[in-house]
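Each remark here refers to the structure printed beneath this line.
The values are calculated or read from the model by the stated rules, or taken from the named source; none is laboratory data. Just so we're clear, the structure is a prediction, and the values are computed from it rather than from any experiment. Please note: Cβ atoms are built from the backbone with ideal geometry, for glycine as well, and neighbour counts cover all protein chains shown. Only protein heavy atoms, including side chains, enter the accessible area calculation; ligands, DNA and RNA are left aside. Shrake-Rupley method; radii C 1.70, N 1.55, O 1.52, S 1.80 Å.
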Amino acid sequence: MINRPNYLKQLKPFIDMPLIKVITGIRRSGKSTVIKLLQAQLLAQGIAEQQIIHINFESFAYADFKTADKLYTLVKDKIQTAEKYYLLLDEIQEVANWEKAVNAFMVDFNLDLYITGSNSHLLSSELATYLAGRYVEIPIFTLSYQEFLDFKAGYTQQTMQNSTTLFNEYLRKGGFPMVHTADYEQETVYKIVQDIYASVILRDTVQRHKIRDVELLERIVKYAFDNIGNTFSGKNVADYFKSHQRKVDLNTVYNYLKALESAFILHRVERFDIKGKEILKTQEKFYLGDVSLLYATMGFRTSLISGILENLVYLELKRRGYQVYIGKLGTQEIDFIAQKQSEKIYIQVAYKLESEQTVQREFSPLQAIADNYPKYVITMDDFWQENIDGVVHQHIGEFLLGNS
């Protein structure tokens, strides 16, 4: 296994705390690996192997334990002493009424509890109802650029000898860990991602939300993918179908978009009015759980390159724990406002600054913001690296690898 220290660092402060640690993320993003890394860390800390109970509900070995009462009995039988046990439950959403068993574990036993799941709606809604104030959520994302480089070095012994080539590979193949465990061809990568996408659509979207019109769901997915980096709303989607002589109920569109968010296929980003200091409820943006989902379903589209680069930056900001918004300043738009406690950064993302007009378009909104928080223009320019009026211009690869 390749270490993913960022997530272990997030989990470490909560080990042995009386909180349920909820690890969420899209299927195949590496949740099970993080659980295994945590298990290895507990063993290294001196926790006895028999005190760690690890159950993966996607394993056929636990096919008969998919109800809360059977799960409770299974765990109860494994607890043999009064010592603290560490209970790691992987893909908990496969268990019917799982939240009742989890609640009982916290009441009846001396244990430290960790659960993973691939559906945010399932986890957040039930946990909010049954376990209010007693859990902490750790979101797992697909590989960051740094993690991609770690995988390349660990599995294929490739290093940063040619940073441009490696970044282009990351851009083209995305960040699902599975596709970077060997030096797969691009076509093979997209086949793997297609299978992941099909699994997420079927199990975490269609089945979980009892969606009847799968063909409509797929069309909404493709509309969202085709508008990566553009603002739109459920009404835009409904109007689009109406223009193609297909009447679609607006509530259905919103429900399908929410289902796609719950499965982490899409991430909704709200707009923030910088002058009015308020969140706006219209014209959000949607970004993908991983850019490879776009390529696997619709092919690589150079016309969407700016939106794809925005997607990479958005996911990196979320990995680093920022709340992310689209900025509105009068008639101008700032691609991202990222906030974390007292920190704030402003970011514009573009493919390349190929003309004076493009430079003006990207820099001027940031120059108009009257505060001293850091401001960045992020592009794929290899040579033009000039800063203007305190606004920092960086290559996207450098930005993704930055420590600050």
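The set of residues from region 58-81 being within 23 Å of I15 (Cα to Cα) and either modelled with pLDDT under 95 or not assigned by the TED database to the domain that holds N103 (or both) comprises Q80, T81.
The numbered conditions (1) at pLDDT below 95; (2) in contact with a helix residue (DSSP H, G or I) (Cβ under 9 Å, 6 or more places away or on another chain) are all true for T302 except (2). Considering L309, L294, the condition of being of a type outside the set (D, E), under 17 Å from S144 (Cβ atoms) and open to solvent by less than 10 Å² (accessible area, probe 1.4 Å) is satisfied by L309 alone. Which one is modelled with the lowest pLDDT among residues in region 228-285 that are among the aliphatic types (A, V, I, L, M), farther than 29 Å from K31 by Cα and assigned to a strand (DSSP E or B)? So the residue we want is L280. Checking the stated criteria, F286 turns out to be among the aromatic types (F, W, Y), open to solvent by less than 10 Å² (accessible area, probe 1.4 Å) and touching a helix residue (DSSP H, G or I) at 6+ places or on another chain (Cβ under 9 Å).
A Cβ distance below 9 Å, combined with a sequence gap of six or more or placement on separate chains, defines the contacts here; from region 4-32, residues that are within 19 Å of V107 (Cβ to Cβ) reach residues that are of a type in the set (S, T, N, Q) in the pairs V22/T116; V22/S124. Please indicate, with yes or no, whether at least one residue in region 317-326 is more than 20 Å from G289 (Cβ to Cβ) and either in contact with a strand residue (DSSP E or B) (Cβ under 6 Å, 6 or more places away or on another chain) or of a type in the set (A, V, I, L, M) (or both). Checked against the condition, which is being more than 20 Å from G289 (Cβ to Cβ) and either in contact with a strand residue (DSSP E or B) (Cβ under 6 Å, 6 or more places away or on another chain) or of a type in the set (A, V, I, L, M) (or both), region 317-326 yields no hits at all. Within region 99-140, restricting attention to residues that are at pLDDT below 90 and among the aromatic types (F, W, Y), the residue that is least open to solvent (accessible area, probe 1.4 Å) is Y135.
Selection within region 163-191: residues that are of a type in the set (A, V, I, L, M, F, W, C) and open to solvent by 30 Å² or more (accessible area, probe 1.4 Å). The member of this set that is nearest to the chain's Cα centre (by Cα) is M178.
Yes or no, residue by residue, for (1) open to solvent by less than 50 Å² (accessible area, probe 1.4 Å); (2) among the hydrophobic types (A, V, I, L, M, F, W, C); (3) in the same structural domain as R203 (by the TED database):
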site: Q10; (1), (2), (3): no, no, no
site: F14; (1), (2), (3): no, yes, no
site: I20; (1), (2), (3): yes, yes, no
site: S32; (1), (2), (3): yes, no, no
site: Y86; (1), (2), (3): yes, no, no
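Flag not set for I334, criterion: modelled with pLDDT of 95 or more and either under 20 Å from the mean Cα position of the chain (by Cα) or assigned by the TED database to the domain that holds R219 (or both).
Scanning region 359-396 for residues that are among the β-branched types (V, I, T), farther than 20 Å from D273 by Cβ and open to solvent by less than 20 Å² (accessible area, probe 1.4 Å) yields V359, V377, I378, T379, V391, I396.
The condition of being of a type in the set (F, W, Y) and either open to solvent by less than 50 Å² (accessible area, probe 1.4 Å) or under 25 Å from S262 (Cα atoms) (or both) does not hold for Y72. Say whether the condition of being open to solvent by 60 Å² or more (accessible area, probe 1.4 Å), farther than 28 Å from F176 by Cβ and among the polar types (S, T, N, Q) is met by at least one residue in region 51-68. Checked against the condition, which is being open to solvent by 60 Å² or more (accessible area, probe 1.4 Å), farther than 28 Å from F176 by Cβ and among the polar types (S, T, N, Q), region 51-68 yields no hits at all.
Checking each residue in region 204-227 for being buried (at least 19 other Cβ atoms within 10 Å of the Cβ) and under 17 Å from A238 (Cβ atoms) picks out L217, I220, V221, A224.
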